[in-house]
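Colleague: Supplied in C-alpha cells, the structure appears directly below.
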Amino acid sequence: MASLRLLLYGGLISIIATAFPVGENTKKSSIALDYYLDDVVPTHYDIKLITYFKRDEGKNDTYTKFKKDEQSRYFYGEFNATIDIIHPTTKISLNSSSTIYRYSGELIENNANNIRHFVEKFDYNNKTQICDLYFKVEVPRGNYILNIKFFNAINVAEDDVIFFKTKYITKLESKVWSNATDFQLIEAQRFFPCWDKPTIRTTFNISIKHHRNYKAFSNMPIRQEEVYKPKLHNIETNMQWTHFNTTPAMYAHLVMVILSPLLHRSSTNRIDMWHRSYCAEHIKFAQRIANKVMMKLKFEWFKKLEVPKLQLVAIPYFRNDTNMNFGIVIIRETNIIYDENVHSVAQKIEVARLVARGVAYQWFGNLISPSWSSYSWLYDGLTTLFGMDALDAVNALEDYENSGMLDLFIVQQYESLNSYGWFLTELLSEASSPSEIDLFSSFFRDVKAPLILRMLQHLVTKEVFWKGIRRYLHMQ
C-alpha cells in the first residue's frame with residue numbers, strides 16, 4: 001500500500017512538472033509562512049460574537065460609537081482560548097486583523113491558583129497581520145486561558161472576501177438582508193483573533209447573539225437557542241443567543257458563520273437543507289441526490305463524517321455557485337432548485353453536480369491546512385472527481401439509465417479549458433501570504449485539476465488510483 005501512495009504522488013508530481021509550466025510566483029513570495037511562533041499551542045476556543053446589523057438591535061454606547069454607516073458590519077466579541085505555553089515568555093503572538101479593536105486582555109492560569117497576567121500593550125504589524133500581546137512579567141510555561149474582548153468593524157464594500165451580503169424582496173414586499181462570512185485559507189484572523197497555524201487543529205465552541213428575525217448557522221448544528229434577557233428587565237430587546245455544538249478538531253480557516261432570514265428546514269437523518277419556504281417542493285431532487293451520495297461515500301470509504309449532520313444552505317443571489325466548508329455548504333438558490341415542469345435535464349445535471357461536490361468535500365475539507373495552500377488544487381480536484389464518480393454510481397438522473405455523467409463532465413471540463421485559453425496556465429502556485437492566496441483562481445482547481453487526476457487514474461488503473469486515495473484518507 002505504501003508503494004501505491006508513492007506511485008500516486010510520484011506519478012502526479014511527474015505529470016505536472018513535465019506537462020505544465022511553472023510560473024514566477026512559485027519561486028518567490030512576499031511574506032513567508034514561517035513567521036508562526038511555537039511558544040504557544042492552542043487547544044480550544046470559546047468565542048462569543050454579538051452582531052450589530054440593524055439600528056433597533058440595541059441602544060448602547062458601543063453601538064452609538066461605531067455604527068456610522070450602513071456599509072459596515074460590526075461585531076463585539078469575547079475570545080477565550082485554552083492554550084499551552086511551551087516556553088516562558090513575556091509576549092504572545094496571534095493572527096488578527098487591522099479592523100479588530102482590542103479592548104482588553106488577560107491570561108489566567110488554568111488551575112486552582114487562577115493567577116492573572118494582564119496584557120500591558122497590544123502591538124499590531126500590518127504586514128504580517130500579527131498582533132503581539134506584551135506582559136509586564138515573564139509568564140511561566142503551563143496551561144492558561146487567554147481572554148480578549150474585541151470589536152470588529154468590517155466594511156462590506158471593501159472587504160467582501162470574507163463578508164457577503166445579498167438583498168431580496170419577500171412576498172410581503174419587505175427588504176431582507178442575508179449575510180454570510182466564509183474564512184478562506186489563512187484569513188480567519190480577519191474575523192476574530194486566532195492562531196492560524198498550518199499544523200494546528202483545535203476545537204471551537206461558538207455562540208452568536210443576533211436579531212431574532214435572523215437564523216444563525218455555523219459548521220456544527222445548533223445546540224441551543226435562547227432569548228436574550230438584559231439585566232435591566234424594563235428594556236425591550238429583539239435579540240437572541242444561538243449556541244452551536246463544539247466542533248471536532250479543525251483548522252481555524254474552516255470556521256464559518258452565516259446570518260440569514262432562511263427559516264425553513266427540510267431534514268433527514270444525515271442532512272439539513274435550509275431554504276426559503278417556497279422552495280420546499282423544488283429542492284427535493286437535490287435532497288435525494290445529497291442523501292444518495294452521502295450513503296455511497298460512507299459505504300465505499302468506510303469513513304464516518306466528523307460532523308453529526310451536513311448543512312446545505314440555499315441563499316438567493318449568492319455570488320458563487322457554491323461555497324464549500326467543513327460541515328456546511330452554501331449554494332446559490334437558483335442552482336439547487338429543480339422543477340420538472342419548468343427546467344430541462346441540463347438543470348438537473350447542474351444541481352446534481354453541485355450538490356455531489358458539496359457532499360464529497362466533507363471527506364477532504366478538514367485535511368487542508370494553510371501550509372498546503374499551494375496544493376489545495378489536489379483536494380479540490382479529488383473532491384470534484386469524488387462527487388462525479390459517486391453520481392455515476394447512484395444513477396443521479398433517475399429517469400435515464402447509464403447516463404454517463406462522469407464522461408459528460410470530463411468532456412465539458414476539457415471544452416471549458418480550451419475555450420478560455422487556459423490549457424497551459426500553471427496549476428501549481430506557491431502562496432505565502434493572504435494576498436497571494438486571494439489571487440488563486442478556483443477555475444484551475446475546479447476544471448483543470450479533475451482532468452489531471454482523471455488522466456492519472458487511467459495511467460495507473462482505476463483500482464490502483466482509488467486504493468491509493470483510500471489509503472491516504474485513512475492515514476489522516
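Colleague: Would you please list the contacts, defined by Cβ atoms under 7 Å and residues six or more apart or on different chains, that run from a residue in the range 131-147 that is under 13 Å from residue 42 (Cα atoms) to a residue that is modelled with pLDDT of 95 or more and among the small types (Gly, Ala, Ser)?
Modeller: 146/81
Colleague: Out of 216, 280, I need the residue that is touching a residue at least 12 places away in the same chain (Cβ under 8 Å), aliphatic (A, V, I, L, M) and not in a strand (DSSP E or B). Which one?
Modeller: Unique residue meeting the criteria: 280.
Colleague: What pairs come out if I take residues in the range 311-328 that are within 18 Å of residue 379 (Cβ to Cβ) and pair them with residues that are of a type in the set (Lys, Arg) and surrounded by 20 or more Cβ atoms within 10 Å (Cβ to Cβ) whose C-beta lies under 8 Å away, six or more apart or interchain?
Modeller: So the pair list comes out as 322/357; 324/357.
Colleague: Pick from the range 123-147 the residues that are aliphatic (A, V, I, L, M) and surrounded by 11 or more Cβ atoms within 10 Å (Cβ to Cβ): which of them is nearest to residue 94 (Cα to Cα)? Working first, answer last.
Modeller: Initially, the range 123-147 is screened for residues aliphatic (A, V, I, L, M), giving 130, 133, 137, 139, 145-146.
Keeping just the survivors that are surrounded by 11 or more Cβ atoms within 10 Å (Cβ to Cβ) gives 130, 133, 139, 145-146.
Numbers: 130: 6, 133: 8, 139: 16, 145: 14, 146: 11 Å.
The residue in question is 130.
Colleague: Here's something else I'd like to know. Just to check your reading of the model, which residue among 120, 106 is among the charged types (D, E, K, R), touching a Lys or Arg at 6+ places or on another chain (Cβ under 8 Å), surrounded by 16 or more Cβ atoms within 10 Å (Cβ to Cβ) and part of a strand (DSSP E or B)?
Modeller: Exactly one residue qualifies, and that residue is 106.
Colleague: Scan the range 198-213 and tell me whether some residue there is of a type in the set (Val, Ile, Thr), outside any loop (DSSP other than H, G, I, E, B), without any contact (Cβ under 8 Å) to a residue 60 or more places away in the chain and touching a strand residue (DSSP E or B) at 6+ places or on another chain (Cβ under 9 Å). Spell out how you get there, then give the answer.
Modeller: Let us first name the residues in the range 198-213 that are of a type in the set (Val, Ile, Thr), namely 199-200, 202-203, 206, 208.
Subsequent filtering for residues that are outside any loop (DSSP other than H, G, I, E, B) retains 202-203, 206, 208.
Checking which are without any contact (Cβ under 8 Å) to a residue 60 or more places away in the chain leaves us with none.
Within the range 198-213, none of the residues are of a type in the set (Val, Ile, Thr), outside any loop (DSSP other than H, G, I, E, B), without any contact (Cβ under 8 Å) to a residue 60 or more places away in the chain and touching a strand residue (DSSP E or B) at 6+ places or on another chain (Cβ under 9 Å).
Colleague: Would you be able to tell me the number of residues in the range 320-337 that are within 20 Å of residue 281 (Cβ to Cβ) and crowded, with 20+ Cβ neighbours inside 10 Å? Spell out how you get there, then give the answer.
Modeller: First, pick out the residues of the range 320-337 that are within 20 Å of residue 281 (Cβ to Cβ): 331-337.
Cutting the leftovers down to crowded, with 20+ Cβ neighbours inside 10 Å gives us 331, 333, 336-337.
Adding up the residues that qualify gives 4.
Colleague: Residue 445 - would you say it is surrounded by 15 or more Cβ atoms within 10 Å (Cβ to Cβ), at pLDDT 75 or above and in a helix (DSSP H, G or I)?
Modeller: Taking the combined requirement at face value, the residue does not satisfy it.
Colleague: Consider the range 376-415. How many of its residues are modelled with pLDDT of 65 or more and of a type in the set (Phe, Trp, Tyr)?
Modeller: So the count comes out to 3.
Colleague: From 101, 63, grab the single residue that is under 24 Å from residue 209 (Cβ atoms), of a type in the set (Ser, Thr, Tyr) and either at pLDDT 95 or above or assigned to a strand (DSSP E or B) (or both).
Modeller: Working: 63 fails: either at pLDDT 95 or above or assigned to a strand (DSSP E or B) (or both).
Just a single option satisfies the conditions, and that option is 101.
Colleague: Follow-up question, since we're still on this one. What residue, of 182, 196, is at pLDDT below 85, among the acidic types (Asp, Glu) and closer than 21 Å to residue 43 by Cα?
Modeller: Working: 182 fails: closer than 21 Å to residue 43 by Cα.
Sole residue among the options that is at pLDDT below 85, among the acidic types (Asp, Glu) and closer than 21 Å to residue 43 by Cα: 196.
Colleague: Here is a follow-up. Sort out which residues of the range 240-277 are assigned to a helix (DSSP H, G or I) and farther than 19 Å from residue 215 by Cβ, and write them in order of number. Explain how you work it out, then say what you get.
Modeller: From the range 240-277, those assigned to a helix (DSSP H, G or I) are 252-254, 277; that's our starting set.
Listed by number, the residues that qualify are 252, 253, 254.
Colleague: Could you pull out every one of the strands (runs of 3 or more DSSP E) wholly within the range 291-359 that has 3 or more residues that are closer than 25 Å to residue 472 by Cβ? Even if it seems obvious, please write down each step before you answer.
Modeller: On the way: elements: 310-315, 322-325, 328-332.
So the answer is 322-325.
Colleague: Okay, next question. Looking only at residues in the range 295-319 that are in contact with a Leu (Cβ under 7 Å, 6 or more places away or on another chain) and surrounded by fewer than 23 Cβ atoms within 10 Å (Cβ to Cβ), which one is modelled with the lowest pLDDT?
Modeller: Among those residues, the one meeting the criterion is 303.
Colleague: Considering each residue of the range 104-130, count those that are within 33 Å of the chain's Cα centre (by Cα), closer than 18 Å to residue 83 by Cβ and at pLDDT below 90, and give that number.
Modeller: Result for the range 104-130: 3.
Colleague: Also: Hey, can you tell me all the residues within the range 212-243 that are more than 20 Å from residue 324 (Cα to Cα), of a type outside the set (Asp, Glu) and modelled with pLDDT of 85 or more? Can you show your working first?
Modeller: Within the range 212-243, the subset more than 20 Å from residue 324 (Cα to Cα) is 212-214, 223-243.
Going one step further and asking which of them are of a type outside the set (Asp, Glu), we end up with 212-214, 223-224, 227-235, 237-243.
Scanning the range 212-243 gives 212, 223, 224, 227, 239, 240, 241, 242, 243.
Colleague: Report whether or not residue 331 is farther than 23 Å from residue 389 by Cβ, in contact with a Ser or Thr (Cβ under 7 Å, 6 or more places away or on another chain) and touching a residue at least 12 places away in the same chain (Cβ under 8 Å). It would help to see each step written out before you state the result.
Modeller: Details: farther than 23 Å from residue 389 by Cβ: no; in contact with a Ser or Thr (Cβ under 7 Å, 6 or more places away or on another chain): yes; touching a residue at least 12 places away in the same chain (Cβ under 8 Å): yes.
Spelling it out, it is not the case that residue 331 is farther than 23 Å from residue 389 by Cβ, in contact with a Ser or Thr (Cβ under 7 Å, 6 or more places away or on another chain) and touching a residue at least 12 places away in the same chain (Cβ under 8 Å).
The values are calculated or read from the model by the stated rules, or taken from the named source; none is laboratory data. From a predicted model like this one, the values you see are computed outputs, not experimental measurements. A quick note on method: Cβ atoms are made from the backbone with ideal geometry, for glycine too, and the neighbour counts reach across all protein chains shown.
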